[in-house]
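Accompanying notes for the structure given below.
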4 protein chains.
Amino acid sequence: MNKPQQAIVLISCPDQRGIISAVTDFISENNGNILDLDEHVDPTDRIFFMRVAWDLKGFKIPTNDIKEVFQKEIAMKYVMSWNIHLSSYVPKMALFVSKLSHCLYDILGRYQSGDWKVDIPVIVSNHENLQEVADRYEIPFVYLSITPETKIKQEANQLKLLKDLQVDFIVLARYMQILSANFIESYPNRIINIHHSFLPAFPGARPYHSAHNRGVKIIGASSHYVTEDLDAGPIIDQDVVRISHKNEIPELIRKGKDLEKIVLSRAIYLHISRKVLVYQNRTIIFD
Amino acid sequence: MNKPQQAIVLISCPDQRGIISAVTDFISENNGNILDLDEHVDPTDRIFFMRVAWDLKGFKIPTNDIKEVFQKEIAMKYVMSWNIHLSSYVPKMALFVSKLSHCLYDILGRYQSGDWKVDIPVIVSNHENLQEVADRYEIPFVYLSITPETKIKQEANQLKLLKDLQVDFIVLARYMQILSANFIESYPNRIINIHHSFLPAFPGARPYHSAHNRGVKIIGASSHYVTEDLDAGPIIDQDVVRISHKNEIPELIRKGKDLEKIVLSRAIYLHISRKVLVYQNRTIIFD
Amino acid sequence: MNKPQQAIVLISCPDQRGIISAVTDFISENNGNILDLDEHVDPTDRIFFMRVAWDLKGFKIPTNDIKEVFQKEIAMKYVMSWNIHLSSYVPKMALFVSKLSHCLYDILGRYQSGDWKVDIPVIVSNHENLQEVADRYEIPFVYLSITPETKIKQEANQLKLLKDLQVDFIVLARYMQILSANFIESYPNRIINIHHSFLPAFPGARPYHSAHNRGVKIIGASSHYVTEDLDAGPIIDQDVVRISHKNEIPELIRKGKDLEKIVLSRAIYLHISRKVLVYQNRTIIFD
Amino acid sequence: MNKPQQAIVLISCPDQRGIISAVTDFISENNGNILDLDEHVDPTDRIFFMRVAWDLKGFKIPTNDIKEVFQKEIAMKYVMSWNIHLSSYVPKMALFVSKLSHCLYDILGRYQSGDWKVDIPVIVSNHENLQEVADRYEIPFVYLSITPETKIKQEANQLKLLKDLQVDFIVLARYMQILSANFIESYPNRIINIHHSFLPAFPGARPYHSAHNRGVKIIGASSHYVTEDLDAGPIIDQDVVRISHKNEIPELIRKGKDLEKIVLSRAIYLHISRKVLVYQNRTIIFD
């Protein structure tokens, strides 16, 4: 089915009376048909959040002018932070990997089968072993080894590469390097990581070992946007699986891998569907 | 905390441009502050559903006139089916039970602790054994034994009792009698049942025996509004728990009881929070 | 159904060849019929754990002599730590509560309906408000107010009371006081607490506030044996429920209460069913 | 890590005293070290089931003679149905697919990364479009179109192919053809299917449409061994995911795909780990 071209606007602003009316009137009066509307108000800080998707067929404002008109007629009045996304644009996603392949395979299977509207211009790795997976899917693979000494230089190379390829967002598919603050600032809320624990439990290294040691009865995985604080960025999705005393660490790793790949892929899907807003280190998910 | 008095309006009507604006404008212009808004459009039949809650403090229209004004100014124009609920009204819930007590205990604990804004004017049963539980909570208990011969007469007695007590809705807390079509028609979408299976699997009698026999790996419970078709009414909530080959039928019953009481209580909470709309034998849950 | 009287033996010892044979032979040769057997070997420390339940009907060794004979014939040889439990014994459980009633109601409903083979000789509280719940169920309620100044003295009073009543184990049903090391040592692995988070995330006070602040997408509850380290004892069971950005703290508390009471009651059931062994601050659950 | 070579024996027989002793003695006395033991007794039919894994290093009986000795010394005495599996053998798994690729990608990713000890000698399909996926992983792809007229003949071709390749078991990875009774009988309890519903709800075609129509709040997927009755064979594993009224059929399909692939892969893992026994159309899972 050929989906109609849509516009999606994501808004946040101080809560005031009449915002919903103003936005929906703007769309209706310009002959747009609202396909989906979801809103949320943070009751503590009185911040208003909204996602509206509408059909652009027959919309009176030319696509190229929507931004300007919306800014002038609506956004300014309500002091909105906002973004508009057109469903016709295919975002560019860079994959960062190290040695583990399960998340990479999961992403490439979805990409290849056309489940996601996304381009993957590059796979970046600090190890060589997943080159053959990239080759199998004919995606450029860039190996940039990283040592404490070369880290700054290699991050600069990574950033240049991402800029050259006009990458929109980055997915750390079990990439086992900590990104510098400088790198992260270049892609705020646009780097998605998967951490193999139920955050905030067991941040950092070897969470399955810690989970086993603590004797938890459920393990989890968490996808989040990367911020300067390790494994402390806004959580996009989490999921869990029940374990028992019988499960030694290799079993936790085996069960956890299934969680990791699914939770990471769900986060990517939410991101490219423009269903995520970040506020105060938390996410609003318009699902 | 003393919650402000709220009005909640539940709406369904053919989808048209401008409905959201019309409703939110109506509230805003009359000085109402929207506390919660959720909407849904059935994309197949193009039916629009909305739940809006607003603070009545400072609302310009007197509470007693809201219905009339809303009907005239908004509802008529959009051909709405609608209902307004005031948070100040305490709904009256009748409990129907048979011999099993776990759902009854769960409901009474919540009621007694003040978790729910609801009155329980009566517990009706076709068995005597739960009289002592009702006594413990000082709630009138009416025993009406039912045999094939007395069923019609006793249902008439039940209906008269419910009418006298001005009961708003009925909860079948593991009530082991099938209600007649006549009875059900008196309380459309206002009789909540808990069925001890993951519907539509295992409707009717002895679902845990059937689940064991079929060798399922997960069992469930389903709360639904009662319709004339047995266990086929609109589902409000469901939940599941994992089982294994080790679990014989008594274990399924034991594990299932926890599901049943939680799923039933969640349905009651959704119902009294006015978060449920029914359309085409399905529920829209504004959660 | 009148269950046959059973004996349950819980064993831990260094792993050696032939243990299972030795124990099952002991039972078989004395005309005992094994009803359930579950074993586990910790592969790191090579420790063997086993739970065996057998029917005592026709068992050749008189019930009163089983301990002595088993110790001499089996346990000594394999250097076992072990315990034998007879299904005829009804354990005595003391409940400690503060102001919140949901776990208490859940426990009392199960107790009253006969779901658990347990006695509740006393409810102890540092507040008076749940007296009326205890009265409703005709269970002695002992109010012992606790201030920093009176804590040591009151704990001594609690311990004396528990001893006088021959209490076997204690359940902290949202008891909001931290027990002293001295108190805990009197009931090692026999004090069950419910913590309202997914441990080890959010130990200590106000976990729902922390969960909301961190923006997690799933909240949990954990039952565990109390040790000197706060919320760090061996976990018996955990469970979780999905939340969203829409759920403010009162919603987390409301949803969490259902988790807490179910997870605590599951832990109590496992404990009185003699299905829990503790090793290295972890539990082995013979489920 | 080079795992020691293990033997795994799966046993079922009428329950009798002394079976566990007999088997564990057999292993211990021949210098085998038991790595894992799990047993179950069906209490209704008094059937005993056991899985024992032991280290073959130092085992006194030569590997090639184990079967014969075990049969003579143990199995005959207890009238056992039994099978022995050596961890050194790599089972051959044939994949049957149609047009949907998500399960296929999931299986091939695990296979390629070495997560499973299994060979895939062939992918069979009644459609051509997944040829390119097979090529990507360099696995022989056999296209056998099926019409009502050619079905019998093509099944004969499939069976011959499977026999020539010495295939041990078959995985239907969303293969959209119903196998004939004749075909199924050739691989009893060795054909694993994934059905995209929570069985026994919604067997047969278009379960997501049925689920949407029924208004369920949770959807599921079920892996099972194929028997002559459609979607009614022994269930190996099931899992579920929560949905809402917002999720139209394409969303159910999207969410369901993640369930399907994970539940199918878990079943395959259990099968190749020799952790499944079938009795009375139910599975015993030694997990």
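Points worth noting:
- Distance from segment D:159-210 to segment A:173-223 (C-alpha centre basis), Å: 38 Å
- Among the GluC sites (Glu not before Pro) in segment D:49-141, those located in a DSSP loop and surrounded by at most 10 other Cβ atoms within 10 Å of their own Cβ are D:GLU138.
- Distance between the C-alpha centres of segment A:91-106 and segment A:238-252: 24 Å, rounded to the whole angstrom.
- Of the trypsin sites (Lys or Arg not before Pro) found in segment D:1-90, the ones in coil according to DSSP and having at most 10 other Cβ atoms within 10 Å of their Cβ are D:ARG46, D:LYS60.
- In this structure the amide hydrogen of A:HIS245, modeled in the peptide plane, comes within under 5 Å of the amide hydrogens of C:ILE285, none closer than 5 places in sequence on its chain.
- Computed magnitude of the charge dipole of segment A:180-277 (debye, nearest 20; Cβ of K, R +1, Cβ of D, E -1): 400 debye
- Table column - 3J(HN,Hα) (Hz), segment D:48-60, Karplus curve with 6.51, -1.76, 1.60, x for Gly and Pro: 9, 10, 8, 10, 10, 10, 9, 6, 8, 5, x, 5, 5
- Distant-in-sequence amide contacts of B:HIS195, defined by a placed amide H-H separation under 5 Å and a gap of 5 or more residues or a different chain, comprise B:SER222, B:SER223, B:HIS224.
- Interface residues of segment A:115-138, defined as those with an accessible-area decrease of at least 20 Å² between the chain by itself and the complete set of protein chains (probe 1.4 Å), are A:ASP115, A:ARG136, A:TYR137.
- Per residue, the accessible area of the protein assembly as shown comes to 41 Å² when a 1.4 Å probe rolls over the protein heavy atoms.
- Charged-residue dipole, Cβ positions (Lys, Arg, Asp, Glu), segment C:105-234 about Cα centre, Debye nearest 20: 380 debye
- Charge dipole of segment A:6-86 about the Cα centre (unit charges at C-beta), most positive-ward option of A:VAL41, A:MET76, A:PRO14: A:MET76
- Normalised contact order of segment C:66-153, rounded percent, pairs of Cα under 8 Å and 6 or more residues apart: 25 percent
- Relative contact order of segment D:178-272, taken over Cα pairs closer than 8 Å and 6 or more residues apart, is 30 percent.
- For the pair A and D, the buried accessible area comes to roughly 2000 Å² in total, with a 1.4 Å probe and the value rounded to the nearest 100.
- About the Cα centre, charge dipole magnitude for the protein assembly as shown (Lys/Arg +1, Asp/Glu -1 at Cβ), debye: 0 debye
- Cross-link pairs exceeding 26 Å in C-alpha to C-alpha distance, out of A:LYS246/D:LYS67; A:LYS57/D:LYS246; A:LYS67/A:LYS275; A:LYS99/A:LYS151; A:LYS67/A:LYS92, comprise A:LYS246/D:LYS67.
- Other residues whose C-beta falls under 14 angstrom from the C-beta of C:ILE194 contribute a net charge of -1, scoring Lys and Arg +1 and Asp and Glu -1.
- Residues A:ILE249 and D:LYS72, FRET efficiency given R0 of 60 Å [Cβ-Cβ distance, rounded to 0.05]: 0.90
- Mean sequence separation of contacting Cα pairs (under 8 Å, at least six apart), scaled by the length of chain C, corresponds to a relative contact order of 15 percent.
- Among the GluC sites (Glu not before Pro) in segment D:190-260, those located in a DSSP loop and surrounded by at most 15 other Cβ atoms within 10 Å of their own Cβ are D:GLU228, D:GLU248.
- For B:TYR279, distant residues with modelled amide H under 5 Å away: B:ILE284
- With every protein chain in place, chain A: carbon and sulfur % of accessible area (1.4 Å): 51 percent
- In order through segment A:77-84: 3J(HN,Hα) via Karplus (6.51 cos²θ - 1.76 cosθ + 1.60), integer Hz, x for Gly, Pro: 4, 9, 6, 8, 8, 7, 8, 10
- 3J(HN,Hα) from dihedral phi, segment C:275-286, Karplus parametrisation 6.51/-1.76/1.60, rounded to Hz, x for glycine, proline: 10, 10, 10, 10, 8, 6, 6, 10, 10, 9, 10, 8
The values are calculated or read from the model by the stated rules, or taken from the named source; none is laboratory data. Computed from a prediction, not measured in an experiment: that's the story for all the values here. In this analysis, Cβ positions are derived from the backbone assuming ideal geometry, glycine residues included, and neighbour counts consider all displayed protein chains. Heads up: the accessible areas ignore ligands, DNA and RNA and are worked out on the full protein's heavy atoms, side chains in. Shrake-Rupley method; radii C 1.70, N 1.55, O 1.52, S 1.80 Å.
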